[in-house]
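Below is one structure, written out as structure tokens, with a few remarks after it.
The values are calculated or read from the model by the stated rules, or taken from the named source; none is laboratory data. Owing to the predicted nature of the structure, the values given are computational and were not obtained by experimental measurement. Glycine also receives a Cβ, built like all others from the backbone with ideal geometry; neighbour counts cover every protein chain displayed. Just the protein is used for accessible areas: all its heavy atoms, side chains included, with ligands, DNA and RNA removed. Shrake-Rupley method; radii C 1.70, N 1.55, O 1.52, S 1.80 Å.
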Amino acid sequence: MKFCLTLFCYIIFSLNLAGQESQPRPKIGLTLSGGGAKGLAHVGILKAIDSAGLKVDYITGTSMGAIVGALYAIGYSGQEIENLRKDIDFDILFSNNVPLQTLLMEEKDQYSRFAIEFPFINNKIRFQTGLITGQEINLKFSELFFNAYDIRDFNQLKIPFKCMATDLETGDLVVLDTGNLITALRATMAIPSVFSAVARDNKKLVDGGLVRNFPVKNVKEMGADIVIGSNVSTGLSKIDKIKNPVDVLLQMAFFRDANDFKEELPLTDIYIHMPMEEYNTGSFGSAKEILQYGVETGMQYYPIFKKLADSINALKNEPVVTQKDVIDKAVFIPHFTVKGLRKTTPKFFVHLMNFDDHKPYTAAQISKKIRRAYGSRYYASIGYQLAPVAKDTANIIFTAEENPNTYVKAGLFYNRLRGINVNLNITSRDFILPNSRSMVSVALGESIQIEAEHLQYLGRIKNFAFVTGFKLDNLQIDAYQNFEKNGSYNQNYSQTFLNFQTSGNNKLATGIGTVFEYIRYSPAIHAVSEVKGRFTNFKSYVFLKYNTLNQIFYPTKGIKISTELGQVYNQEPNLVQFLNEVPVVPSTLNFDNFARFSFDGTIYSEINKRFTFFSELQAGLNFTGTPNVLNNFQIGGINGSFRNQVRFAGLQEAGVNSSSVLALQLGLRFNPGNNIYISGRINGLVKNFATKRNSTSSIDGLSGYAVTFSYKTPIGPLEVSAMYCDQSRKLGSYVLFGIPF
């Protein structure tokens, strides 16, 4: 009824306008409310306005409404704003997580290995506030609003614009219509306790929705004669909806806005209310559905917009107005300045970015270079502003906040092979030498692991490095013969290594290295065939690593490859071989030099929002005519990594070993809801194809299957799997919790 009444009123209004050609053209104001993810519905209203050919003269907004309004004000059309959503990962955008693709290759293997981490400053652990600093938001805004970098008066935008913020000290409304547009937008959306406050003009600014979430007064003050107001907020909650202290705080925070709204609402001429109570401010995972809701609502109001546009255009004989495409232009940068550095130098900073002045840059190119420096993990945040010098020429001012040098990290891990372990780590940068990362990690529990590593960056842009370190891995492994468990043994493995590598980008690293290995065996449960003692060897190798995965856990796209070709030499055995607990003299084990090749490659491809296809190819080959079971590849297990492991769904770890193996796995993962995953795997394997049989199984072809239920908890994945192997004819289970060491 209200909609029909509004339509009738504007038909009459349109007819009156048509008969009064001497009157000046009425100005149209547009006000878009805040509402977090729900604010994406405003885009549907903009599309309807565009389709009707209605020209908007002024825009005001708060929070998400301000972001959508600012995009429209600088020249994006409603359709173009909708298209932007497809390229935005909201999980990354609204978090403090580092996008995996931005990390240097040297950092990817270490990232997210521990569930929690705290800065260690002045010999004390400091607890973090949990505020979202908004690194990716800053970069995304810099890209989206690059074409308005030289505008400091928002009245000079294609459509004059204002947004609202709140003074954190006084609680007063702050109207933002001058200065840096990106800073203004970061302020208007800075929800207290979620986003960090924004410094501007000696004030700390937070979300304007606390005071004025629906700023109709301001668009009227700008000169609007007719106001279109789009509101996605639900107002104050009913008493039965307030169930916890957080709800109480939010209710109290928006008291002032609730009173202000009573004054704003009567000033609208076309009021569009989209409460969408089934969604909330954080429902960015439902962005597509929210946008569609806005599009459908916009279609309902299209007749009103069309009548109004036709009447106004007829009044002044003005052509139908459409938003023009926003062209991503390049800006010539003659000079740069770096602010905020205390421990690193401007030279190190710009070299890490591989940034050169006296060159033109697009927003995407600047963001790419910033992400490269950010991916070093030296910096907590990096932003920039452009200071206009001449047409399409500006100096760039980088502002960097450095991370603390040292972090303490911890996590929990469990699987059948390793049992329950507490993982601890301390990582420090520039502890021994400048431009370096040193770390020590320890896993304590039913198995023991130790890892110490020093990485030293070299070269002008830090694309060369040497890595040296020590690793220790002590665990008990079951022994199998023809798929039947027949004992177990303790394996104590350690290595000391030195690698030299180069990584010209964040995807690829290649290098050479040498490692000294020490392996000791002792029976835990006696088997028919076993060894006791130790042997050592050297291995020199070349390696290649490639990683474009979009996230650590449950990636949806990207490729990860790790391959190595090496020579094993100087093997020194000091052990005894037993058969039925009787020494075998002489030993049948061969310790000659041999070449070795390994490959592990995985690809992920998103089919749609819910389904992801993945495939893994593994290969291992010892180039020797007399294989040694102690140097063979250990086949089995769904996750994890230990010496010479080849993962295979259907077998427990080390269920079979062989000197040559080629395995292919195909999988499909279903994501039915937030943090819940169901995966199916099918894999096949051939072994003993390159050398004579020397294996714990007489079967040279294997096939297996697994179904896994997963839940991504705050401290790591929880996975429960059922698996089956056609050759063993056994149904097995596999449980994992936490992050492997």
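Can you pull out the residues in segment 449-504 that are in contact with an Asp or Glu (Cβ under 6 Å, 6 or more places away or on another chain), open to solvent by 30 Å² or more (accessible area, probe 1.4 Å) and either farther than 28 Å from residue 520 by Cα or not basic (Lys, Arg) (or both)?
495
Which one is farthest from residue 704 (Cα to Cα), of the residues in segment 620-637 that are open to solvent by 20 Å² or more (accessible area, probe 1.4 Å) and outside any loop (DSSP other than H, G, I, E, B)?
Filtering first and then ranking leaves 623.
Give me the residue from segment 651-688 that is among the aliphatic types (A, V, I, L, M) and surrounded by fewer than 23 Cβ atoms within 10 Å (Cβ to Cβ) and, out of that set, nearest to residue 556 (Cα to Cα). Even if it seems obvious, please write down each step before you answer.
Step one: list which residues in segment 651-688 are among the aliphatic types (A, V, I, L, M), which gives 651, 654, 656, 661-664, 666, 668, 676, 678, 682, 685-686.
Filter once more, keeping what is surrounded by fewer than 23 Cβ atoms within 10 Å (Cβ to Cβ): 662, 664, 666, 668, 676, 678, 682, 686.
Working: 662: 25, 664: 19, 666: 14, 668: 11, 676: 14, 678: 14, 682: 18, 686: 28 Å.
Checking each candidate, the answer is 668.
Looking at segment 531-551, I want the residues that are touching a residue at least 24 places away in the same chain (Cβ under 8 Å) and closer than 28 Å to residue 491 by Cα and have a partner that is of a type outside the set (A, V, I, L, M) and not in a strand (DSSP E or B) with Cβ atoms under 7 Å, at least 6 apart or on another chain. Which pairs are those?
Pairs found: 535/591.
I'd like the full set of residues that are hydroxyl-bearing (Ser, Thr, Tyr), within 26 Å of residue 740 (Cβ to Cβ) and open to solvent by 60 Å² or more (accessible area, probe 1.4 Å), limited to segment 387-443.
If we filter segment 387-443 for residues that are hydroxyl-bearing (Ser, Thr, Tyr), which is where we start, we get 393, 399, 406-407, 414, 427-428, 436, 438, 441.
Going one step further and asking which of them are within 26 Å of residue 740 (Cβ to Cβ), we end up with 406-407, 414, 427-428, 436, 438, 441.
Passing the criteria: only 414.
Tell me yes or no: at least one residue of segment 689-701 is buried (at least 22 other Cβ atoms within 10 Å of the Cβ), assigned to a strand (DSSP E or B) and in contact with a strand residue (DSSP E or B) (Cβ under 8 Å, 6 or more places away or on another chain).
No: zero hits.
Please specify each residue of segment 352-367 satisfying the condition of being surrounded by 18 or more Cβ atoms within 10 Å (Cβ to Cβ), closer than 18 Å to residue 505 by Cα and not hydrophobic (A, V, I, L, M, F, W, C).
367
From the list 158, 162, exactly one residue is at pLDDT 90 or above, touching a strand residue (DSSP E or B) at 6+ places or on another chain (Cβ under 9 Å) and open to solvent by 30 Å² or more (accessible area, probe 1.4 Å). Which is it?
Testing whether each residue is at pLDDT 90 or above, touching a strand residue (DSSP E or B) at 6+ places or on another chain (Cβ under 9 Å) and open to solvent by 30 Å² or more (accessible area, probe 1.4 Å) leaves just 162.
Can you name every residue in segment 497-556 that is assigned to a loop (DSSP other than H, G, I, E, B) and at positive phi?
Once the filter is applied, which keeps residues that are assigned to a loop (DSSP other than H, G, I, E, B) and at positive phi, segment 497-556 yields only 554.
Of the conditions (1) aromatic (Phe, Trp, Tyr); (2) open to solvent by less than 40 Å² (accessible area, probe 1.4 Å); (3) more than 25 Å from residue 552 (Cα to Cα), residue 648 fails just one. Which one is it?
Residue 648 satisfies all of (1) aromatic (Phe, Trp, Tyr); (2) open to solvent by less than 40 Å² (accessible area, probe 1.4 Å); (3) more than 25 Å from residue 552 (Cα to Cα) except (3).
Determine, yes or no, whether residue 55 is in a loop (DSSP other than H, G, I, E, B), open to solvent by 10 Å² or more (accessible area, probe 1.4 Å) and modelled with pLDDT of 85 or more.
yes
Quick test for you: out of 707, 735, pick the one residue that is open to solvent by 50 Å² or more (accessible area, probe 1.4 Å), within 19 Å of residue 654 (Cβ to Cβ) and not polar (S, T, N, Q).
After applying the criteria, what remains is 735.
Select the strands (runs of 3 or more DSSP E) contained entirely in segment 352-438, then report the ones holding at least 1 residues which are within 30 Å of residue 185 (Cβ to Cβ).
The qualifying strands (runs of 3 or more DSSP E) are 359-361, 379-390, 393-402.
How many residues are touching a Pro at 6+ places or on another chain (Cβ under 8 Å) and β-branched (Val, Ile, Thr) if we restrict to segment 625-656?
Here the count works out to 0.
Going by what's in this entry, would residue 741 be described as open to solvent by 50 Å² or more (accessible area, probe 1.4 Å) and aromatic (Phe, Trp, Tyr)? Before you say what the answer is, go through the steps one by one.
Values: open to solvent by 50 Å² or more (accessible area, probe 1.4 Å): no; aromatic (Phe, Trp, Tyr): yes.
No.
Output the residues belonging to segment 182-195 that are in a helix (DSSP H, G or I), open to solvent by 10 Å² or more (accessible area, probe 1.4 Å) and of a type outside the set (A, V, I, L, M, F, W, C).
183, 186
Has segment 654-667 got any residue that is in a loop (DSSP other than H, G, I, E, B) and either at pLDDT 95 or above or under 20 Å from residue 475 (Cα atoms) (or both)?
Within segment 654-667 (the criterion being in a loop (DSSP other than H, G, I, E, B) and either at pLDDT 95 or above or under 20 Å from residue 475 (Cα atoms) (or both)), the answer is yes, since at least one residue qualifies.
Select from segment 91-134 the residues that are open to solvent by less than 30 Å² (accessible area, probe 1.4 Å) and assigned to a helix (DSSP H, G or I) and write down the one among them that is modelled with the lowest pLDDT.
Out of the qualifying residues, it is 93.
Which residues, counting only those in segment 152-181, are touching a helix residue (DSSP H, G or I) at 6+ places or on another chain (Cβ under 7 Å), under 19 Å from residue 363 (Cβ atoms) and in a loop (DSSP other than H, G, I, E, B)?
Residues satisfying the conditions are 157, 158.
Return the only residue of 171, 179 being in contact (Cβ under 8 Å) with a residue 40 or more places away in the chain and either under 22 Å from residue 73 (Cα atoms) or surrounded by fewer than 18 Cβ atoms within 10 Å (Cβ to Cβ) (or both). Quick ask: steps written out before the conclusion?
Details: 179 fails: in contact (Cβ under 8 Å) with a residue 40 or more places away in the chain.
None of the others qualify; the one that does is 171.
Is there a residue being within 24 Å of residue 448 (Cβ to Cβ) and touching a strand residue (DSSP E or B) at 6+ places or on another chain (Cβ under 7 Å) anywhere in segment 502-510?
no
In this structure, is residue 310 open to solvent by 60 Å² or more (accessible area, probe 1.4 Å), at pLDDT below 90 and farther than 25 Å from residue 179 by Cα? I'd like the intermediate steps shown before the answer.
On the way: open to solvent by 60 Å² or more (accessible area, probe 1.4 Å): yes; at pLDDT below 90: yes; farther than 25 Å from residue 179 by Cα: yes.
Yes; evaluated as a whole, the condition is true for this residue.
Condition test on residue 555, is it farther than 29 Å from residue 527 by Cβ and open to solvent by less than 20 Å² (accessible area, probe 1.4 Å)?
So residue 555 fits the description; yes.
I'm trying to understand the selection: among the residues of segment 576-614, which are buried (at least 17 other Cβ atoms within 10 Å of the Cβ) and of a type in the set (S, T, N, Q)?
Scanning segment 576-614 gives 577, 590, 598, 602, 612.
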